[in-house]
Amino acid sequence: MNITIQSLHFDASEQLKDFVNQKVGKLEHFFDGIISADVALSLDKANNTENKVSKVSLSVPNDVLVAEKQCKTFEEGIDLACDALRKQLEKYKEKK
């Protein structure tokens with residue numbers, strides 16, 4: 001699976017990129033037909049503490065699964081988005 005990471009309005013650290021690759025890569029355990037994953041990390045302009053937006057899009061045959069979470073940290077957002085995508089992958093497999 002090809003994983004593309006975009007960090008909008010900031011520069012992502014190598015540690016954050018490694019974390020994203022590790023978490024998103026684990027989704028292949030649930031469905032091995034994933035073509036690619038696009039991860040967009042951005043800072044919301046709001047001044048509250050939960051201003052980090054993590055959006056993960058998975059390309060699967062004939063469909064695209066998307067999860068977007070806004071949290072205090074990017075790591076927490078990626079965790080929650082991957083959990084949501086895991087559930088979507090399980091439903092997608094049942095339909096096939």
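Figures for the structure shown
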read-out	value
Single unsatisfied condition, CYS82 versus (1) surrounded by 14 or more Cβ atoms within 10 Å (Cβ to Cβ); (2) of a type in the set (A, V, I, L, M, F, W, C); (3) not in a helix (DSSP H, G or I)	(3)
Those residues of region 43-79 which are over 16 Å from ILE3 (Cα atoms), without any contact (Cβ under 8 Å) to a residue 24 or more places away in the chain and crowded, with 16+ Cβ neighbours inside 10 Å, in sequence order	LYS69, CYS71
Inter-residue pairs, beta-carbon under 9 Å, first in contact (Cβ under 8 Å) with a residue 24 or more places away in the chain and in region 22-37, second open to solvent by 90 Å² or more (accessible area, probe 1.4 Å), 6+ apart	PHE30/LYS93; PHE31/LYS93; GLY33/LYS93; GLY33/LYS96; ILE35/ASN2; SER36/ASN2; ALA37/ASN2
Count - residues of region 8-41 that are farther than 13 Å from LEU58 by Cα and over 12 Å from the mean Cα position of the chain (by Cα)	11
Enumerated strands (runs of 3 or more DSSP E) restricted to region 1-67, each holding at least 3 residues that are over 17 Å from LYS87 (Cα atoms) and touching a Ser or Thr at 6+ places or on another chain (Cβ under 6 Å)	36-43
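The values are calculated or read from the model by the stated rules, or taken from the named source; none is laboratory data. Nothing here was measured: the structure is a model prediction, and the numbers come from that model. FYI the Cβ positions are ideal-geometry reconstructions off the backbone, even for glycines, and counts take in every protein chain you see. What goes into the accessible areas is simple: the full protein's heavy atoms, side chains included, and nothing from ligands, DNA or RNA. Shrake-Rupley method; radii C 1.70, N 1.55, O 1.52, S 1.80 Å.
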